[in-house]
Amino acid sequence: MSTRYKFWDEYKGYFATFAVVGWIDVFTRNEYREIFVESLSYCIKNKGLVVHAWVLMSNHVHLLISLKENNPYSFSDVMRDLKKYTAMQIIKAIKENPSESRKEWILELLNKAGNENSQNKNFQFWQHGNHPIEITDRQHYFNVLEYIHQNPVRAGCVSLPEHYVWSSACDYAGKKGLVDVGMDF
């Protein structure tokens, strides 16, 4: 296991990325996206997470994050809780969604991934790891910010970053987005 991807310093900012197992396009449905956004907002309000930028794509998430000072929670705690809660809630939503045409296929893939992992009992939703990369200076911060916001443009979802709802790009364009964003770094 590589030690390169680790939250080494709780007082630094990080670029973190995590993906759905098998890169399954789960986040094509708003009800699953909303679960992620609600959980991210909860972590901001209750776990000391500061989200400077974010984007939720069809099968992965990019976050530019830091923690509030004197936070009792570590990055690892917050990411673990965010991923665990969203995994449980999204799997439940998939199971209970009568209009989910991909239900059997998605659940089969998530179950297969869970069975292949000794740490899981049944399903695995997220790939392991967050691949955190420490932000080293302001230029690095702005490069990551640009990368995150351009993700939906590069994917052909929108022509301008601020038009993508599931991102913080609109916050940086002067509008209010879906989660509270800390623009100071």
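The values are calculated or read from the model by the stated rules, or taken from the named source; none is laboratory data. Since the model is a prediction, treat every value here as computed from it, not as a measurement. Counting neighbours? That spans all protein chains shown, and the Cβs are built from the backbone with ideal geometry, glycine included.
Details
- Segment 135-159, residues that are among the charged types (D, E, K, R) and either under 26 Å from Gly22 (Cα atoms) or modelled with pLDDT of 95 or more (or both): Glu146, Arg154
- Check on Phe142, aromatic (Phe, Trp, Tyr), closer than 26 Å to Glu96 by Cα and out of contact with any strand residue (DSSP E or B) (no Cβ under 8 Å at 6 or more places or on another chain): no
- Residue in segment 41-53 that is out of contact with any Gly (no Cβ under 9 Å at 6 or more places or on another chain), of a type in the set (Ser, Thr, Tyr) and either in contact (Cβ under 8 Å) with a residue 60 or more places away in the chain or on the phi > 0 side of the Ramachandran plot (or both) present: yes
- On the stretch given as segment 24-50, residues that are over 10 Å from Thr86 (Cβ atoms) and touching a Ser or Thr at 6+ places or on another chain (Cβ under 7 Å) total 4.
- Leu109 vs. criteria surrounded by fewer than 21 Cβ atoms within 10 Å (Cβ to Cβ) and modelled with pLDDT of 95 or more: yes
- Test: residue in segment 160-170 that is outside any helix (DSSP H, G or I), exposed (fewer than 15 other Cβ atoms within 10 Å of the Cβ), at pLDDT 95 or above and not polar (S, T, N, Q): yes
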